[in-house]
Amino acid sequence: MTNMIRTISPINGEVYVERPLAATNEIDETLIKARLAQQTWAAKSVAERAEICSAAVDAFVANKEVIANELTWQMGRPIRYSQGEVGGYEERARYMIEAASDALAPLKLAEKAGFTRYIKREALGVVFVVAPWNFPFMTAVNAVMPALMAGNAVVLKHSAQTPLCAERMVESFEKAGLPAGVFQYLHLSHGDTESIIASDKVDYVAFTGSVGGGEMVEKAAAGTFKGIGLELGGKDPAYVRGDADIDQAVDTAIDGAFFNSGQSCCGIERIYVDESVYDEFVEKAVALVKAYVLGRSDDEATTLGPLVKTSAAEFVRGQVADAVAQGAIAHIDASDFAMDETGTPYLAPQVLTGVDHSMRIMQEESFGPVVGIQKVSDDEAAILLMNDSEFGLTASVFTKDIEAGIRIGERLETGTFFINRCDYLDPALAWTGVKNSGKGCTLSSLGYDYLTRPKSFHIKLP
């Protein structure tokens, strides 16, 4: 039946959950309910909203074992890591709740004789959040929590791969006593998703997904004048300078490349290493990757689970094969990883050297457990290569010379710049991208600017 979504677990290829798609009348009722509920919700004080939102986080965290198990079966993350997503959700949610009082406070202007002047931040209305499967809670909360704290109503549409994530999020707010209609979810077809984006019943769209998905959002919203936030793809680079702590650089960059089987928009997908430490870095990186355990995600011993779908694994296999055909060297023997098998989502990790920017593996987003390592002669060469991408989400430099690292960071075309770390969202910092990595901003106090509108008060005193 076409009116159902079926989540196929990458663990065993079987249907894990089925849900009916929302009917047209259900969609209309949800959006109308959100509009009506938002007016009452916006009238509450920031402190009142914070009390309910904090209680929702408590309820969510209390259910972490169930949530983690469902997450593993829906998208394939090893069970040993799944509760970490609950922790990340909690960190971001609590920070945005705490930041709301200052971020939403009226902006007071300098005194002017005979006048009172200030700028308030008002809720937009109904926010439509479209969330992905790879970090389904941590990406969704980036927009959901500040949208609610700002006084908006939220309608959440989650990926068909992770429908239970939307249900668990809404459930936690219901337990906290959030008024009905303020936060709802819908299981939607692509067509209905586009229709909602184009409708006058939503006032802002927060989308996380592919570049193609972002193009769809922009086209659907064209002419509506509503705001849209897009968090799209990445081909994030790391640069290891000659003065770096090599052991720390290997541990951090390789984890950034292979965590979640490489299925992270801000994961490390290409590494540039100074020629003076290149051989040492490659040797230690290959040894670390060989220690990964590819297996079923419900096995506590597994450190590398399957990709979300067989097609995703085959895409990465194709990138690797093309690179090798062009002269790249593959350092990992897939036969050492028992479950690696063509025609399944189970894919052995791979480290490639002898790569260059003529190869797909150094240009296309892989979203899988593979990384290319390229030798560079100096900072200038590294900067040129790091910026040679259609993407610009994050970039990392590993060095003991912090000032030199900062100078490099100031020249990189990226939304977030790291020194001696990677693949982490600090909720106090703005999460944003440049080029094809998207537009807009979530998290930090600046994230509230996109989920509110300014309203100026200009009062002449009697």
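Below, the figures for the structure above:
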item	result
Qualifying residue in the stretch 266-282 (condition: assigned to a helix (DSSP H, G or I), in contact (Cβ under 8 Å) with a residue 40 or more places away in the chain and at positive phi)	no
Pairs where the first residue, in the stretch 133-161, is closer than 20 Å to Pro427 by Cα and the second is among the acidic types (Asp, Glu), C-beta under 6 Å, 6+ apart	Phe137/Glu85; Met138/Glu85
Matching residues, the stretch 399-413, being in contact (Cβ under 8 Å) with a residue 24 or more places away in the chain, assigned to a loop (DSSP other than H, G, I, E, B) and either closer than 20 Å to Asp255 by Cβ or more than 23 Å from the chain's Cα centre (by Cα) (or both)	Thr399, Lys400, Asp401, Arg411
Test result for Glu98, within 26 Å of Asp423 (Cβ to Cβ) and surrounded by fewer than 21 Cβ atoms within 10 Å (Cβ to Cβ)	yes
Unique residue being closer than 30 Å to Pro10 by Cβ and assigned to a loop (DSSP other than H, G, I, E, B) when the list is Asn134, Asn142	Asn134
Selection status of Phe315, touching a Gly at 6+ places or on another chain (Cβ under 8 Å) and of a type in the set (Phe, Trp, Tyr)	yes
Within the stretch 284-398, strands (runs of 3 or more DSSP E) holding 3 or more residues that are among the hydrophobic types (A, V, I, L, M, F, W, C)	370-376, 394-398
Tally, over the stretch 429-445, of residues that are in contact with a helix residue (DSSP H, G or I) (Cβ under 8 Å, 6 or more places away or on another chain) and under 26 Å from Tyr95 (Cβ atoms)	9
Ile119 being assigned by TED's automatic domain parsing to the domain that holds Ile197, more than 16 Å from the chain's Cα centre (by Cα) and closer than 21 Å to Tyr424 by Cα	no
Test result for Lys435, in contact with an Asp or Glu (Cβ under 7 Å, 6 or more places away or on another chain), surrounded by fewer than 23 Cβ atoms within 10 Å (Cβ to Cβ), more than 30 Å from Ala113 (Cβ to Cβ) and among the charged types (D, E, K, R)	yes
Filter result (aromatic (Phe, Trp, Tyr) and under 17 Å from Val144 (Cβ atoms)) within the stretch 431-462	Trp431, Tyr448, Tyr450
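The values are calculated or read from the model by the stated rules, or taken from the named source; none is laboratory data. Here the structure is a predicted model, which means the values were calculated and not measured. In this analysis, Cβ positions are derived from the backbone assuming ideal geometry, glycine residues included, and neighbour counts consider all displayed protein chains.
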